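Engineer: This structure is in structure tokens; I'll ask about it shortly.
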Amino acid sequence: MTPTSALELLSIARAVALEAGAVILEARRGDVAVAAAKSSSVDVVTQVDRDAESLIRGRLAELRPGDAFFGEESGGGSGTTGLTWVVDPIDGTVNYLYGIPHYAVSIAVVEGDADPQSWRALAGVVVNPASGELYSAAAGGGAHLGDRALRVADAVTLGQALVATGFAYLAATRAEQGAAVARLLPLVRDIRRMGTASLDLCAVAAGRVNAYFERTLNPWDHAAGALIAEEAGALVTGVPGARADHRFLLAAHPELARMLAPVLADLGALPPPHEGSAR
Ligand code: LIP
């Protein structure tokens, strides 16, 4: 198969994400119920998550038959091209379940496996079907909201920083995260908990927040959003010496990120050292 440019992969991601977004939005007009619980009783999946992922997986198999796939609801499938699609059909499922119009279809394609420590992201799209906002980026091609080019907000002092974050599905981890956020609150402008990692990363790219950090994210939660934030000029990093992964992710203007990282470590916002990188 002839090598495909990042822009060509981006147009595939955009078309498939928009199609899935329309189905997800339509389903929201009816009743949406929990189909099952996953890692905990509050980590839920709906039938819409599953249907949307099988639509996305089917379309990508038609359009890119040799590529591998790694999705939140249906897991992974190997390929022959060296490219992997990393997909979250509904990021922000709890928002979707409650009818909060802040959830997204997140589709990224990476060179390599679905491993944040080794992949090279080539293209990513994050679509909020409820608002109609489409964020996109191709490696080296910049980040966009619709046709508008995105730049992270200029660096600010810690005290002026509007910081987004999120909490895990495990109560014990949430307790640790909550305690760290309570210690961070008096040091920053304010905190935002919006419930959708991919849109939090896009908010950094668009300058709607100054920083975003979270623990326990899965590859599908950040694959596309992290590329969009980086292409908008953000530094996206993980625990000291590592790239962002399940242990920790921080995204912000590079100056602010370098200021914030040690502060978050001192406040206990990072995982205990023994916590592994893989989910
Ligand atoms: C969610 C993330 C959110 C995080 C939740 C969950 P999901 O992803 O977008 O940032 O706080 O714990 O991981 O489960 O809706 O795909």
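Engineer: Taking Cα atoms, how many degrees apart are the long axis of helix 219-231 and the longest axis of the chain, rounded to 10 and kept between 0 and 90?
Structural biologist: So the inclination is approximately 70 degrees.
Engineer: Tell me, what is the percent relative contact order of the chain, built from C-alpha pairs under 8 Å that lie six or more residues apart? Walk me through the numbers on the way to the answer.
Structural biologist: On the way: 641 pairs, mean separation 45.2, N = 279.
Once normalised by length, the contact order is 16 percent.
Engineer: In whole angstrom, note down how far apart the Cα centers of the range 158-190 and the range 204-261 are.
Structural biologist: 15 Å
Engineer: Suppose we keep just the DSSP beta bridges with both residues in the range 128-213; what percent of those would be antiparallel, to 5? Intermediate results must be reported in sequence, preceding the final value.
Structural biologist: Values: 6 of 12 bridges.
The antiparallel proportion sits near 50 percent.
Engineer: Please report, in whole Å, how far the alpha carbons of the range 178-272 spread along each principal axis, starting with the longest.
Structural biologist: 30, 27, 25
Engineer: Let me ask another. With springs only between Cα atoms under 10 Å, which of Pro101, Pro116, Pro219 fluctuates most in a Gaussian network model of the chain?
Structural biologist: Taking springs between Cα atoms under 10 Å, the residue moving most is Pro101.
Engineer: Quick one: helix 254-266 against the long Cα principal axis of the chain, what's the angle to the nearest 10°, folded into 0 to 90?
Structural biologist: 70 degrees
Engineer: Still on this structure, please answer the following. Over all directions, how big on average is the projection of the convex hull of the alpha-carbon atoms in the chain, in square nanometres? Please list the in-between numbers first.
Structural biologist: On the way: hull surface 53.6 nm².
The directionally averaged projection comes out at 13.4 nm².
Engineer: Another question, then. Once you have a ≥ b ≥ c as the square roots of the Cα gyration tensor eigenvalues for the range 27-174, tell me rounded if a/c is under 1.5, and otherwise prolate or oblate according to whether a/b is larger than b/c. Intermediate results must be reported in sequence, preceding the final value.
Structural biologist: Details: a/c = 1.45, a/b = 1.02, b/c = 1.42.
The shape class here is rounded.
Engineer: Translational D (Stokes-Einstein, µm²/s) of the range 55-135 at 4 °C and 1.567 mPa s when Rh comes from the Kirkwood sum over C-alpha pairs?
Structural biologist: On the way: Rh = 13.3 Å.
It diffuses with D of about 98 µm²/s by this estimate.
Engineer: Determine the gain in length on full extension of the stretch Val94-Lys38; use 0.36 nm per residue of separation and subtract their C-alpha separation, reporting nm with one decimal.
Structural biologist: Stretched fully, the Val94-Lys38 segment lengthens by 18.9 nm.
Read the figures in this text as sums done on the coordinates, not as results from a lab. A quick note: this is a predicted structure, and the numbers were derived from the prediction, not measured.
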